[in-house]
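The values are calculated or read from the model by the stated rules, or taken from the named source; none is laboratory data. All of these numbers come straight from a predicted model, not from anything done at the bench. Don't worry about glycine lacking a Cβ; one is built from the backbone with ideal geometry, like all the others, and counts go over all protein chains shown.
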């Protein structure tokens, strides 16, 4: 397997010549090769480690790189800039519609740690519990971070739990906010998706100000996005054609987002500086569910048919609030650099539904419901210290250590009584009083991180970390890394580490009743009511649930760094990540036996159940090739960029089925073909891009080709699996600058490429023609125009 990967990677390297570590396109002047001397702060705690001599692969993305993508949110921009990043556009997926997850290096979305100015960012309160990539995860909401507040992003593609703690199995995304007074910008934009759908308006401004001897930066951003719809709305529902035609929605939701950010520093004296940072996001998302075609339900709900004689399209209205605040003091005392600070962050998701009905209430049913609220809050205190010590060898030894304490709270608040009465409101039954509750835990951690250059050619680092969690006990991890300069052009780097990811509070305590699309053993899709049980619930225990343990990982990587010195720069990195006790959401355990059992224990109107479990051990192997080549000739600046990523996840072990599932003739797998398929085949194994950025005088042109590899949708029982073919998208934009003004016109997916159509087994009777797991969505071409003013 590695031999095939290596051969392919080297072939791509030859084709690109030298591709892009920054994986980026610059709308301004093409940076010279000296940018390789940019100091990075992610993956190291020394003060002078640069991108070129880092001990692990770090991609550095600038504001100009992000702007050139034409993206309106951060995960969409990263999907264009990073070959190892995957961001599918799920729909008809409840809370996931409003909080789309993304993955790094083919691993779970919650196995990537996100930092803001080097401080841990909290995850979402919501849980992705439908059958798409990221099922069972609650990752950080990257869309909550305003693009115009970002100075740069450093992406560490290496296991780093020993350095940063839980969640850093796949890597680390460190978002560094803009700094300093004086400069700023104002931007307005408008975009439109194919078919004149999804009109998107954006506006934003940022500026820096002097505050005494310090500075304060503020940024604000607004986005208004209309929905898109690619459902086959003219298909007849199976059955008597007199039932008429149905109207579905299948595409991007309606969204309004308001964001703000503050970042500042103020000197307190010669050896201390006060710092503050704060982010705020308010996002309202309206996402329709499945059309309820009432002739199919007339016998059970004549009251609903009286209100909606032509059926109804229920809508989920998500109100999301996300906040982050940091306050601390950094400086130097007795030779030690210190950073002592506090941080708090929270995510608040409130759900209402409209244009819907509760069949169980008959004529008394409302048509709109308050479904409930999920909240999550993290509070953290940290103290970090580092300094250099002279050593017998040529260079100093960097010593860093720190102490952290963190408290987390997750809560569910129930909906109104009508939302969960009987079978509950259509599209999303309300959270019940039995779901509700507040759950907390705390943890303490200590780490030490050593790093040095033993010689001008050989560098090494060692990190160790010990943590204690109140809900499952102690965990320890370590990391060893090194880099050796073979020649002035070629360097070799490698690392080995252990890691962990603590089960989230959502995975321990989340509870709901949802109406999902279930791919039944008959080979057909149907809407089924399924309950998600906390692992400590007696019903879950009866089905085989056990207390959750942390995920454990072993991460190995090795790579080459090529720095010829005359412009090109490329890196080639191989990696292997073994994860044991990986936490997954079980299959939807459905069928008459499950339904009868749930009814017998007082849970009626539910056809199945599911719960979280440490069910599998996996191995992910991959390779990343990225690079850049800037050129200058005359008045022309030209920069070529490129990248290639390949990864493959295999399941090495599945825990034996709980004996409870063998009782009463019940033979259902906790993890079956569908869940295994999401882990191993549900995301593309490869992604590649090549781009060019040309600038002359007032003009800037940008072009990029991105190839998204094939992926497979796996169903519970064969036949029905479908592999969707690879697709190549073309992005093109042109900018013209007059003084401080810049106008940009561009098109993403210029040639209006769509994913392969779903087969009759997977398109819900022809109504849903495209896969929701598509890595580039299925909304077609996006044409955008932007006018910006910079000072």
Failed condition for residue 701, given (1) over 16 Å from residue 66 (Cα atoms); (2) at pLDDT 95 or above; (3) surrounded by fewer than 20 Cβ atoms within 10 Å (Cβ to Cβ), with all others met? (1)
Quick one: which residue in 372, 398, 331 is buried (at least 16 other Cβ atoms within 10 Å of the Cβ), part of a strand (DSSP E or B), touching a residue at least 60 places away in the same chain (Cβ under 8 Å) and more than 33 Å from the chain's Cα centre (by Cα)? 331
Given the condition part of a loop (DSSP other than H, G, I, E, B) and under 24 Å from residue 581 (Cα atoms), answer yes or no: does some residue in the range 429-436 qualify? no
Residue check: is residue 752 in contact (Cβ under 8 Å) with a residue 60 or more places away in the chain, surrounded by fewer than 22 Cβ atoms within 10 Å (Cβ to Cβ) and touching a helix residue (DSSP H, G or I) at 6+ places or on another chain (Cβ under 6 Å)? yes
With criteria (1) touching a residue at least 24 places away in the same chain (Cβ under 8 Å); (2) over 33 Å from the mean Cα position of the chain (by Cα); (3) surrounded by fewer than 16 Cβ atoms within 10 Å (Cβ to Cβ), residue 390 comes up short on (1)
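Can you pull out every residue in the range 688-717 that is part of a loop (DSSP other than H, G, I, E, B) and more than 21 Å from residue 758 (Cα to Cα)?
Within the range 688-717, 697, 698 meet the criteria.
Taking helices (runs of 4 or more DSSP H) that do not extend beyond the range 1-103, which have at least 3 residues that are within 24 Å of the chain's Cα centre (by Cα), modelled with pLDDT of 85 or more and under 24 Å from residue 284 (Cα atoms)?
Details: elements: 2-16, 63-68, 74-81, 95-98.
Where helices (runs of 4 or more DSSP H) fall fully within the range 1-103 and carry at least 3 residues being within 24 Å of the chain's Cα centre (by Cα), modelled with pLDDT of 85 or more and under 24 Å from residue 284 (Cα atoms), they are 74-81, 95-98.
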Say we look at the range 766-791 and pick out the residues that are closer than 17 Å to residue 91 by Cβ, part of a loop (DSSP other than H, G, I, E, B) and touching a strand residue (DSSP E or B) at 6+ places or on another chain (Cβ under 8 Å); which of these is modelled with the lowest pLDDT? 773
Working only within the range 732-749, note down all residues that are without any contact (Cβ under 8 Å) to a residue 40 or more places away in the chain and out of contact with any strand residue (DSSP E or B) (no Cβ under 6 Å at 6 or more places or on another chain). 737, 739
Would you be able to say whether some residue in the range 474-487 is assigned to a strand (DSSP E or B), surrounded by fewer than 13 Cβ atoms within 10 Å (Cβ to Cβ), more than 27 Å from the chain's Cα centre (by Cα) and on the phi > 0 side of the Ramachandran plot? no
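Considering each residue of the range 718-746, count those that are in a loop (DSSP other than H, G, I, E, B), in contact with a helix residue (DSSP H, G or I) (Cβ under 9 Å, 6 or more places away or on another chain) and at pLDDT 95 or above, and give that number. Let's see the steps before the verdict.
Within the range 718-746, the first condition is being in a loop (DSSP other than H, G, I, E, B), and the residues that meet it are 718-721, 725-726, 739-740.
From what is left, the residues that are in contact with a helix residue (DSSP H, G or I) (Cβ under 9 Å, 6 or more places away or on another chain) are 718, 721.
Among the residues that remain, those that are also at pLDDT 95 or above are: none.
Of the residues in the range 718-746, 0 are in a loop (DSSP other than H, G, I, E, B), in contact with a helix residue (DSSP H, G or I) (Cβ under 9 Å, 6 or more places away or on another chain) and at pLDDT 95 or above.
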Residues located in the range 709-731, provided they are within 23 Å of the chain's Cα centre (by Cα), farther than 13 Å from residue 682 by Cα and touching a residue at least 60 places away in the same chain (Cβ under 8 Å): 731
Specify which of the listed residues (198, 171) is crowded, with 19+ Cβ neighbours inside 10 Å and either within 27 Å of residue 753 (Cβ to Cβ) or at pLDDT below 95 (or both). 198
Residue among 277, 304, 343, 257 that is touching a helix residue (DSSP H, G or I) at 6+ places or on another chain (Cβ under 7 Å), crowded, with 18+ Cβ neighbours inside 10 Å and touching a residue at least 24 places away in the same chain (Cβ under 8 Å): 304
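Scan 193, 215 and give me the residue that is more than 30 Å from residue 498 (Cα to Cα), more than 18 Å from the chain's Cα centre (by Cα) and buried (at least 23 other Cβ atoms within 10 Å of the Cβ).
193
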Would you point out the residue of the range 655-687, among those that are assigned to a loop (DSSP other than H, G, I, E, B), within 23 Å of residue 772 (Cα to Cα) and touching a strand residue (DSSP E or B) at 6+ places or on another chain (Cβ under 8 Å), that is modelled with the lowest pLDDT? 671
With the structure loaded, tell me whether residue 650 is within 25 Å of residue 86 (Cα to Cα), at pLDDT 90 or above and surrounded by 20 or more Cβ atoms within 10 Å (Cβ to Cβ) or whether it fails that test. no
Could you list, in sequence order, the residues of the range 138-196 that are free of Cβ contacts under 8 Å to residues at least 60 places away in the same chain, more than 13 Å from residue 120 (Cα to Cα) and part of a helix (DSSP H, G or I)? 196
Inspect the range 545-554 for any residue being surrounded by 21 or more Cβ atoms within 10 Å (Cβ to Cβ), touching a helix residue (DSSP H, G or I) at 6+ places or on another chain (Cβ under 9 Å), under 26 Å from residue 494 (Cβ atoms) and modelled with pLDDT of 95 or more and give the result as yes or no. yes
Give the range 564-586 a look and list any residue that's touching a strand residue (DSSP E or B) at 6+ places or on another chain (Cβ under 8 Å), surrounded by fewer than 22 Cβ atoms within 10 Å (Cβ to Cβ) and in a loop (DSSP other than H, G, I, E, B), or say none. 567, 568
